[in-house]
Amino acid sequence: MLAGLSQPSWSQSSSTDDLVARAGNQMRSAAIYFSEQVARYGSYVWNVSPDLEWRSGEGVTTDTQGWVQPPGTPAVGRAFLAAFHATGERLYLDAAIETAEALRATQLESGGWWARLEFDPASRLSWCYRDNHADRPPCHEMEGNKERNATMLDDNMSQSALAFLMLVDGALEGTHEGVRDAVVYGLRALAQMQHPNGAWPVRSDHRMPDALTTSAWRARMPGDWAREYVEPEGEIYILNDNLQRDVIRLFALAYRLYEEPEYLAAARRGGEFLLRAQLPGAQSGWAQTYNADLEPIWGRKFEPPSIASAETAGAIDALLDLYELTDERRYLEGAQSAAEWLRAVQLPDGDWARFYELGSNAPLYFDADYNLSYSAQGAPDHYNFKGEFDVAHVLERLEDVSRNGTATAKTPEAWGSAWEAEIEDVLAAADRKGRWVEDGKISSATFVENLGLLAQFVAHARGRPIPNQTKLLPLPQTGP
């Protein structure tokens with residue numbers, strides 16, 4: 001798991017030494033402010049007002065709540081870990097451990113996490129947290145909170161939390177029994193949630209009966225599909241927001257760290273589901289939502305039966321992870337056929353539509369009244385119906401893996417003066433308290449990106465190795 005950064009090949013000048021020193025000072029200031037002022041019980045949300053009076057994740061939060069979904073609590077903790085590996089300074093590791101403790105305190109009996117983390121003693125009694133079972137009624141007797149024990153796999157929630165705990169466990173070399181226990185418990189729970197065909201549910205209490213998932217169905221095109229919204233019936237299979245990819249990556253990371261065969265087996269089963277769910281013929285990508293017969297169906301009212309570019313790119317990424325882990329060519333071949341479709345449907349401006357029509361490959365959008373449209377004009381702005389969706393990066397990775405057997409990382413030497421200019425911009429954007437305040441708020445996303453960038457710069461300048469960070473969390477940009 002260690003992708004060692006070599007000793008710097010450039011001849012460091014006094015100006016570079018000064019920049020490294022200033023970068024280190026800013027890292028400390030930013031981390032101290034975030035961990036001492038922005039944190040609540042070691043947890044974090046998405047945005048905080050400069051006076052610290054207002055806090056929000058996907059919705060407004062109280063002063064005793066944190067948020068899981070990236071760039072929330074696990075993502076901030078991962079930035080602290082990167083800073084620790086870059087500098088060896090204990091303050092960053094201590095901040096990461098506090099974040100790990102916050103996640104331990106909010107791990108559900110079902111093994112994962114709900115989006116919102118609660119630390120108020122009275123409010124915690126309505127949640128089935130593992131560490132408060134002695135203070136509350138048994139989970140099955142609790143009323144008034146339908147989410148009380150629901151492990152969320154949507155939006156990379158429980159995956160990112162477990163991945164962060166595994167990275168902390170690695171940094172501590174397994175010496176923190178509580179962290180190791182949370183990791184083992186969570187991985188076992190997620191493995192038990194997996195269906196026989198390799199798919200995972202969007203949340204632990206929304207499961208398709210296993211009797212419907214034992215047949216080796218393969219994806220097929222529906223004979224016809226409704227052009228107006230039809231609410232899905234029963235439980236369904238969901239790839240939306242790259243849910244399946246992120247769980248596969250979680251178990252692949254677990255296998256690399258712990259070398260337990262069952263973790264590799266879970267990842268491989270997830271890969272089998274992706275290969276089954278890949279659509280046949282010339283449109284060999286993936287849909288966002290499937291019925292029990294693996295036919296594309298409606299998700300929400302703005303998610304039609306279609307081939308989805310973002311989820312197809314995510315599935316390719318997961319198959320490449322499995323190919324690099326197992327050297328089994330069927331994963332690579334599945335990725336290659338899907339990439340051919342992605343290249344064929346790229347829009348003239350270089351972007352991709354989110355959805356493509358079954359059969360025709362015509363880009364699909366919606367008008368302001370949520371009627372299907374072939375034009376992006378007037379589409380609702382709450383959802384990205386068109387964009388980059390990281391497709392170009394995934395295609396580049398596929399070409400690299402196809403050619404070399406594994407992806408090769410861009411080296412810091414290639415960034416040169418542009419990298420130092422970006423570091424200067426990051427330093428200039430900080431205020432006297434070490435904060436980055438943008439649009440009237442302190443953003444965890446900005447903190448994660450900027451601390452990660454500074455950590456990479458300092459690590460490279462000092463010749464320190466940084467463990468290869470899992471892709472389950474938002475990766476800070478590490479160069480122009």
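Structure above, values below:
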| quantity | calculated |
| --- | --- |
| Selected residue (only one of Tyr356, Tyr290, Tyr374 is hydroxyl-bearing (Ser, Thr, Tyr) and open to solvent by 20 Å² or more (accessible area, probe 1.4 Å)) | Tyr374 |
| Filter pass, Ala407 being in contact (Cβ under 8 Å) with a residue 12 or more places away in the chain, surrounded by fewer than 18 Cβ atoms within 10 Å (Cβ to Cβ) and more than 24 Å from the chain's Cα centre (by Cα) | no |
| The lone exception for Arg269 - which of (1) of a type in the set (D, E, K, R); (2) more than 21 Å from the chain's Cα centre (by Cα); (3) modelled with pLDDT of 95 or more it fails | (2) |
| For Val183: the one exception among (1) closer than 30 Å to Gly359 by Cβ; (2) touching a Leu at 6+ places or on another chain (Cβ under 6 Å); (3) not charged (D, E, K, R) | (1) |
| Cβ pairs under 8 Å, 6+ apart, first in the range 321-340 and more than 21 Å from Tyr263 (Cβ to Cβ) and open to solvent by 30 Å² or more (accessible area, probe 1.4 Å), second of a type outside the set (Asp, Glu) and modelled with pLDDT of 95 or more | Arg329/Tyr323; Gln336/Leu398; Ser337/Gln278; Ser337/Ser284; Glu340/Ser284 |
| Some residue of the range 159-181 being touching a Phe, Trp or Tyr at 6+ places or on another chain (Cβ under 6 Å) and open to solvent by less than 70 Å² (accessible area, probe 1.4 Å) | yes |
| Residue count for the range 231-257, restricted to those that are outside any helix (DSSP H, G or I) and under 17 Å from Gly112 (Cβ atoms) | 1 |
| Test: residue in the range 417-427 that is at pLDDT 95 or above, open to solvent by less than 50 Å² (accessible area, probe 1.4 Å) and more than 26 Å from the chain's Cα centre (by Cα) | yes |
| Contacts under 8 angstrom Cβ, first residue in the range 93-108 being touching a residue at least 12 places away in the same chain (Cβ under 8 Å) and under 25 Å from Arg148 (Cα atoms), partner open to solvent by 10 Å² or more (accessible area, probe 1.4 Å) and of a type in the set (S, T, N, Q), 6 or more apart | Glu98/Ser35; Leu108/Asn149 |
| Check on Arg136, basic (Lys, Arg) and modelled with pLDDT under 95 | yes |
| Matching option when the condition is open to solvent by 20 Å² or more (accessible area, probe 1.4 Å), in contact (Cβ under 8 Å) with a residue 24 or more places away in the chain, aliphatic (A, V, I, L, M) and within 15 Å of Trp225 (Cα to Cα), among Ile307, Ile297 | Ile297 |
| Selection count, the range 265-322, where residues are in a helix (DSSP H, G or I) and over 19 Å from Val401 (Cβ atoms) | 10 |
| Output for the range 72-130, where each listed residue is within 23 Å of Ala23 (Cα to Cα), open to solvent by 10 Å² or more (accessible area, probe 1.4 Å) and of a type in the set (D, E, K, R) | Glu89, Arg90, Asp94 |
| Residue within the range 308-322 that is within 30 Å of Arg268 (Cα to Cα) and out of contact with any helix residue (DSSP H, G or I) (no Cβ under 7 Å at 6 or more places or on another chain) present | yes |
| Residue in the range 183-206 that is surrounded by fewer than 17 Cβ atoms within 10 Å (Cβ to Cβ), part of a loop (DSSP other than H, G, I, E, B) and at positive phi present | no |
| Residues that are open to solvent by 20 Å² or more (accessible area, probe 1.4 Å) and not aliphatic (A, V, I, L, M), drawn from the range 341-352 | Arg343, Gln346, Pro348, Asp349, Gly350, Asp351 |
| Filter result (part of a loop (DSSP other than H, G, I, E, B) and in contact with a Lys or Arg (Cβ under 6 Å, 6 or more places away or on another chain)) within the range 358-383 | Tyr370, Ala376 |
| Leading residue by the ranking (least open to solvent (accessible area, probe 1.4 Å)) among those in the range 259-287 that are more than 21 Å from Glu333 (Cα to Cα) and touching a residue at least 60 places away in the same chain (Cβ under 8 Å) | Tyr263 |
| Number of the exception - Arg218 against (1) in contact with a helix residue (DSSP H, G or I) (Cβ under 6 Å, 6 or more places away or on another chain); (2) crowded, with 16+ Cβ neighbours inside 10 Å; (3) touching a residue at least 60 places away in the same chain (Cβ under 8 Å); (4) not aliphatic (A, V, I, L, M) | (2) |
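The values are calculated or read from the model by the stated rules, or taken from the named source; none is laboratory data. Here the structure is a predicted model, which means the values were calculated and not measured. Cβ: placed from backbone, ideal geometry, glycine included. Neighbour counts: every protein chain shown. Ligands, DNA and RNA are excluded from the accessible area calculation, which covers all protein heavy atoms including side chains. Shrake-Rupley method; radii C 1.70, N 1.55, O 1.52, S 1.80 Å.
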